[in-house]
Amino acid sequence: MDPILMKILAAAVLGFAVSALLGKWLVPALRRLKAGQSIKEDGPTWHMSKQGTPTMGGLMFIAAVVVVVLVLNGPAILGGDLTSVFVLLLALVFGLIGFLDDYAKIRKKENTGLTASQKFLLQLAAAILFIVVLRWAGVLSPNLYVPFFGVEWKLPWVVYMIFAALVITGSVNAVNITDGLDGLAGTVTLPVCAFFTAAFAYAAIHWDRPGSTAMTVFAAALFGGIVGFLVYNFYPAKVFMGDTGSLFLGGAVCGMAFALDLPLILIPVGIIYIIETLSDIIQILYFKATHGKRIFRMAPLHHHLEMGGWSEKKIVFVFSGISLVFCILAYFGAIGRFPVL
């Protein structure tokens, strides 16, 4: 069996095992700690039955990724290949921001944690530091490759830095917005992880891109970790990932895109995140412009569909299917970045 394929399978299986086994202890522990989710009062009334469901379950797949990266990428890390460490640290910083937000919500017993400005400034600082580190490590260039078209836009580093920081903070929060139904954010992100696993494997095999093998392990570990988490998060959810999990996921997805030196690939692979966020923005702008009128029954889009009679399971199935199709398309748009040597 090909060595990279063996690593992918090992990372996915170990990630699943760590996440699923940790869940057996974590879910009851969160219940005992009364770490329950507070449901927004202005949200769907039928979601009030979920009040008190344990949150911060994202710790399951976070722990899984940390364990797998340290175990399987240990030799490469000791040899100086730090790309997967940089991406992991970015995701962990965003996960920590989410943890602080979750903790504040639990302590105050309401659905408001850190302020929007506090979260934005912390996220912006993390994004800028990540881009600086990737540039220093020689992993990242200021050339924006346009998937499917095979062209590059060369940008000044300052312009690229501003672009990258805004993309990362925006994308991370888009993943957070998508986390609104049982299993939704996790299931939608599975094809994204599969895409990055395949793309990094392709870059490692055909282009010998530095860090690609280690990043293949990272992406596969996240895939397995999410599957393990979904054992407890599928409808009806026994635990939510919380901002701890959703911000970690957002950081990991963005980190993988930039580690691949292909940030624009976030458009097709993150299509559901984008649609969900746009529905929220359009609703707010239209509401303000028309003094109270709405385009959607409720935003973001998954709530609009719920109010239209769609079940949570149907929304998760359809959204995940759309994510899968766009990730498959994205793969063929991405491989042009790495011509066969």
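The values are calculated or read from the model by the stated rules, or taken from the named source; none is laboratory data. Because the structure is predicted, anything quoted here is derived from the model rather than measured. As a convention, Cβ positions derive from the backbone with ideal geometry for all residues, glycine included, and neighbour counts pool all protein chains shown. For accessibility, only protein heavy atoms count, side chains too; no ligands or nucleic acids. Shrake-Rupley method; radii C 1.70, N 1.55, O 1.52, S 1.80 Å.
Table for the structure above
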| quantity | calculated |
| --- | --- |
| Filter result for the condition that a residue is at pLDDT 90 or above, among the hydrophobic types (A, V, I, L, M, F, W, C), open to solvent by 30 Å² or more (accessible area, probe 1.4 Å) and on the phi < 0 side of the Ramachandran plot, over Leu88, Leu124 | Leu124 |
| Qualifying residue in region 92-104 (condition: among the charged types (D, E, K, R), open to solvent by 30 Å² or more (accessible area, probe 1.4 Å) and either over 27 Å from Ser212 (Cα atoms) or over 21 Å from the mean Cα position of the chain (by Cα) (or both)) | no |
| Among (1) under 29 Å from Val146 (Cα atoms); (2) open to solvent by less than 80 Å² (accessible area, probe 1.4 Å) - the single one Thr290 does not satisfy | (1) |
| Checklist (1) surrounded by fewer than 19 Cβ atoms within 10 Å (Cβ to Cβ); (2) modelled with pLDDT of 95 or more applied to Pro75, failing item | (2) |
| Residue match in region 331-339 (condition: aliphatic (A, V, I, L, M) and surrounded by fewer than 17 Cβ atoms within 10 Å (Cβ to Cβ)) | no |
| Unique match (being surrounded by 24 or more Cβ atoms within 10 Å (Cβ to Cβ), in contact (Cβ under 8 Å) with a residue 12 or more places away in the chain and not aromatic (Phe, Trp, Tyr)) among Ile271, Ile284, Ile226, Ile295 | Ile226 |
| Qualifying residue in region 314-321 (condition: open to solvent by 40 Å² or more (accessible area, probe 1.4 Å), closer than 24 Å to Phe16 by Cα and among the aromatic types (Phe, Trp, Tyr)) | yes |
| Search result, residues across region 298-313 that are touching a residue at least 40 places away in the same chain (Cβ under 8 Å), assigned to a helix (DSSP H, G or I) and open to solvent by 30 Å² or more (accessible area, probe 1.4 Å) | Met307, Lys313 |
| Considering residues of region 242-268 that are touching a helix residue (DSSP H, G or I) at 6+ places or on another chain (Cβ under 7 Å) and not in a helix (DSSP H, G or I) only, the residue surrounded by the fewest Cβ atoms within 10 Å (Cβ to Cβ) | Leu262 |
| Of residues in region 190-211 being buried (at least 24 other Cβ atoms within 10 Å of the Cβ) and of a type in the set (Gly, Ala, Ser), the one modelled with the lowest pLDDT | Gly211 |
| Subset of region 134-165 that is open to solvent by 40 Å² or more (accessible area, probe 1.4 Å) and in a helix (DSSP H, G or I) - its residue that is nearest to Ala199 (Cα to Cα) | Arg135 |
